[in-house]
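Below is one structure, written out as structure tokens; comments come after it.
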Amino acid sequence: MALDKPYQDVPGTTIFDAEQSRLGYHLNQFCMSLMKAENRARFKANERAYLDEWLMTEEQKQAVLARDLNWCIRLGGNIYFLAKIGATDGKSFQQMAGSMTGMTEEEYRDMMIAGGRSVEGNRVVGEDGNAQAHRQPQGKAGRKEAH
Amino acid sequence: MARITASVYTSHVPAIGAALDLGKTGEPYWQKVFSGYDFSRQWLRDNTPDVIFLVYNDHATAFSLEMIPTFAIGCAAEFQPADEGWGPRPVPVVKGHPELAAHIAQSVIQDDFDLTIVNRMPVDHGLTVPLSLMCGQPAAWPCPVIPFAVNVVQYPVPSGRRCYNLGRAIRKAVASYDQPLKVQIWGTGGMSHQLQGPRAGLINREWDSAFLDRLIADPADLAQMSHIEYVREAGSEGIELVMWLIARGAMSDNPPRVAHRFYHVPASNTAVGHLILENT
């Protein structure tokens, strides 16, 4: 009998469960290695060569090189592990979180100061809130990329 | 005999630690956050316990995917602030209380909660930010701290009900310790926030407010809330709030005195909630 996963219909959200953890094991362990200053330096000196030391899939390596956190998460990455890449790049958690929405840093910061993203329309897939698939990307950063 | 005198609840946003460490507390953005803790720092000076039992979660710092303990109790004599990728926070070393920690571990495991005993564990912002919020920037923390790490990173995390019952087992363990120690229990994390995906930035003020009300008045009922409600209503990382139920479960069954309550949006990506409850 399949496991009950009631969290799969939450829009714009990937729950890091045992299956995602299995898929992302090497990706997340690579991220973990960046907690050491010498590894951060080696990664920055030659990202591709450093990634090739890990048993990651080619797609996982491409997602890291692109710094596309949504892509990394689809491939089993977890945000607390992926944050080590952002730390290596000198990014704050707010910059990292914002990067997944398609908003610019300023747009995302302004949304937070205004009280954050509303839950209305964003509880279940199929509603019309701004986290729903049909409303991506949400800001200027994403639209720029699309052109 | 030892006893639990009070419980403290607070968010543990890493950017709060960075703001403190970089001297930004006077900036208007951060001033609004820190002002909610002015009372709390004085309260802690007036009510310094002998030991703080600090419930928090490790954020892929001490625990990678090599090992994922659901509940881990720090039994060491000291714990070093971790380098989470930005360099270690410039905060004091955390001194433990190995005797009480070992006593609690033995009692709680015999009560059917399978704790992992940890004797070497760097502690990350989940533990040090609450200490900074409550103590400011002292040369040493005011008392020993027992770190208690809960897995809320890899799903499934422990249920609210299990956390609440664990708190009750911790209460019993503390009460059977043969030294007259005053112990505070702190529950940290939350409130509503989501750090990932197109739904990042979710905040649910009404839900958070109701959570605080229920935590104070009817925690046993609140503990029945399912994981999916936390995720749907309070964001994927809002699930950290189950840790507050451990602290609440450790309080006496009498209604607590609400010494302080504070709520503010935002600190970085997160709604900051804070409560101090005293046993009566």
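Every number in this text was worked out from the coordinates using simple rules, so none of it is lab data. In this text, all values refer to a predicted model and were calculated from it rather than measured experimentally. No Cβ is skipped: glycine too gets one built from the backbone with ideal geometry, and neighbour counts run over all protein chains shown.
Where does chain B land at 222 nm, in deg cm²/dmol rounded to the nearest 500, when only DSSP H runs of n ≥ 4 count, each adding -39500 (n - 2.57), divided by all residues? Can you show the working numbers first?
Working: 10 runs with 97 residues, N = 280.
Only helices count here, giving -10000 deg cm²/dmol.
Given Cβ point charges of +1 (Lys, Arg) and -1 (Asp, Glu) and nothing else, what value in debye, to the nearest 20, does the dipole of chain A about its Cα centre take?
The dipole of chain A has a size of about 400 debye.
Given the pairs A:Lys5/B:Lys172; B:Lys24/B:Lys95; A:Lys84/B:Lys95; A:Lys36/A:Lys61; A:Lys44/A:Lys140; A:Lys84/B:Lys32, which are separated by over 30 angstrom at their Cα positions?
Pairs exceeding the cut-off: A:Lys5/B:Lys172.
Among A:Ser92, A:Thr104, A:Asn70, pick out the residue whose Cα is farthest towards the positive end of the charge dipole of chain A, where Lys and Arg carry +1 and Asp and Glu carry -1 on C-beta, about the Cα centre.
Projecting each Cα onto the dipole axis, the largest value belongs to A:Ser92.
How many angstrom lie between the Cα centre of the stretch B:46-95 and the Cα centre of the stretch B:1-35?
Between the Cα centres of the stretch B:46-95 and the stretch B:1-35 lies a distance of 16 Å.
For the stretch B:32-111, give the magnitude of the charge dipole about the Cα centre (Cβ charges: +1 Lys/Arg, -1 Asp/Glu; no others), in debye to the nearest 20.
With only Lys, Arg, Asp and Glu charged at Cβ, the dipole is about 320 debye.
Which translational diffusion coefficient, to the nearest whole µm²/s, is obtained for the stretch B:71-210 from the Stokes-Einstein equation, given a Kirkwood hydrodynamic radius over C-alpha pairs, 37 °C and 0.692 mPa s?
Reported coefficient: 195 µm²/s.
In the protein assembly as shown, what % of DSSP beta bridges are antiparallel (nearest 5)?
Around 50 percent of the beta bridges assigned by DSSP in the protein assembly as shown are antiparallel ones.
Please list the helices of chain B that count as membrane-span-like by this rule: a mean Kyte-Doolittle hydropathy of at least -0.5 together with Cα atoms stretching 20 Å or more along the helix axis, each helix being a complete DSSP H run.
Sorted by number, the helices that extend far enough and score high enough are B:160-175.
Where the convex hull is taken over the Cα atoms of the stretch B:15-84, what is its projected area averaged over directions, in nm²?
Here the figure is 6.8 nm², rounded to one decimal.
Rounding to the nearest 20 debye, state how big the charge dipole of chain B is about its Cα centre with +1 on each Lys and Arg Cβ and -1 on each Asp and Glu Cβ. It would help to have the intermediate numbers written out before the result.
Values: 21 positive and 27 negative charges, 83 e Å.
In debye, rounded to 20, chain B gives about 400.
Compute and list, largest first, the equivalent-ellipsoid semi-axes of the stretch A:101-147 from the alpha carbon gyration tensor, each √(5λ) rounded to a whole angstrom.
On the way: eigenvalues 70, 50, 4 Å².
Calculated on Cα positions only, the semi-axes equal 19, 16, 5 Å.
What are the equivalent ellipsoid semi-axes of the stretch A:15-90, built from the alpha-carbon gyration tensor (square roots of five times its eigenvalues), in whole angstrom, biggest first? Please report the intermediate quantities before stating the final value.
Numbers: eigenvalues 71, 31, 24 Å².
For the stretch A:15-90, the ellipsoid semi-axes come out as 19, 12, 11 Å.
Calculated from DSSP H runs of 4 or more alone, at -39500 (n - 2.57) each and per residue, what is the 222 nm mean residue ellipticity of chain A, nearest 500?
Mean residue ellipticity, 222 nm, calculated: -13500 deg cm²/dmol.
How large, in Å, is the protein assembly as shown by the Kirkwood hydrodynamic radius built from its alpha-carbon pairs?
Values: mean 1/r = 0.0460 Å⁻¹.
Across the protein assembly as shown, the inverse of the average 1/r is 21.8 Å.
At 7 Å along Cα-to-Cβ for each site, give me the label-to-label distance between B:Glu206 and A:Ala133 in nm.
Rounded to a tenth, the inter-label distance reads 2.8 nm.
Any idea what % of Cα-Cα pairs in the stretch B:1-160 are farther than 24 Å? Mind dumping the intermediate values first?
Values: 4426 of 12720 pairs.
Taking all Cα-Cα pairs of the stretch B:1-160, the fraction more than 24 Å apart is 35 percent.
Using a Gaussian network model of chain B with C-alpha springs under 10 Å, which one of B:Ala149, B:Ala62, B:Ala210 is most mobile by mean-square fluctuation?
Evaluated over chain B, the most mobile residue of the options is B:Ala210.
Can you give the log10 of the normalised intensity I(q)/I(0) at q = 0.10, 0.19, 0.20 Å⁻¹, computed with Debye over equal Cα scatterers of the stretch A:7-147?
For the stretch A:7-147, the Cα-only Debye profile gives -0.37, -1.19, -1.27.
Calculate the length of the line joining the C-alpha centroid of the stretch B:248-271 to that of the stretch B:120-186, in whole Å.
Using only Cα atoms to place each centre, the spacing works out to 15 Å.
Among B:Pro122, B:Leu44, B:Ala271, pick out the residue whose Cα is farthest towards the positive end of the charge dipole of chain B, where Lys and Arg carry +1 and Asp and Glu carry -1 on C-beta, about the Cα centre.
Toward the positive end, the furthest listed residue is B:Leu44.
Take the Cα coordinates of the stretch B:3-278, assign each an equal point scatterer, and use the Debye formula without solvent to give log10 I(q)/I(0) at q = 0.08, 0.12, 0.15 Å⁻¹.
-0.28, -0.66, -1.11
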